[in-house]
């Protein structure tokens with residue numbers, strides 16, 4: 001069993017460093033959630049694709065990113081919030097990720113997750129695990 005919260009935290013800060021995305025602009029709030037490696041591996045790849053894309057698009061803007069992992073009733077949730085309205089849209093992963101969008105969609109299906117956006121402000125991406 002692996003700690004998904006630790007993965008999200010370490011992955012986020014490592015990607016911020018790689019993309020020259022100031023860690024002062026990054027907030028990570030995670031719970032310790034244990035999952036089998038067969039689940040964590042594709043989730044990790046999915047998060048690398050999603051977080052790298054977001055940081056790449058936000059690098060030149062002085063906007064912040066908050067990533068949280070929390071356990072809810074009957075599910076776990078990864079929530080990514082950016083401080084820019086209308087950043088995400090319903091087809092965000094498919095249209096903004098290019099070829100990686102198809103990989104991300106396959107990974108979402110592989111782990112039985114659901115990915116949706118916040119319809120009100122367009123600044124939140126929710127991955128229900």
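The values are calculated or read from the model by the stated rules, or taken from the named source; none is laboratory data. Note that the structure is a prediction, hence the values are computed from the model and not measured. Using ideal geometry, Cβ is built from the backbone for each residue, glycine included, and neighbour counts are taken over all protein chains shown.
Points to keep in mind about this one:
- If the condition is being surrounded by fewer than 17 Cβ atoms within 10 Å (Cβ to Cβ) and in a helix (DSSP H, G or I), then region 15-41 contributes 17, 18, 23, 24, 37, 38, 41.
- Subset of region 11-28 [more than 19 Å from residue 61 (Cβ to Cβ) and within 12 Å of the chain's Cα centre (by Cα)]: 11, 28
For (1) at pLDDT 90 or above; (2) more than 12 Å from the chain's Cα centre (by Cα); (3) within 21 Å of residue 10 (Cα to Cα), each residue gets a yes or a no:
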{"residue": "44", "(1), (2), (3)": "yes, no, yes"}
{"residue": "67", "(1), (2), (3)": "yes, no, yes"}
{"residue": "73", "(1), (2), (3)": "no, yes, no"}
{"residue": "78", "(1), (2), (3)": "no, no, yes"}
{"residue": "96", "(1), (2), (3)": "no, yes, no"}
{"residue": "101", "(1), (2), (3)": "no, yes, no"}
{"residue": "110", "(1), (2), (3)": "yes, yes, no"}
{"residue": "119", "(1), (2), (3)": "no, yes, no"}
{"residue": "122", "(1), (2), (3)": "no, yes, no"}
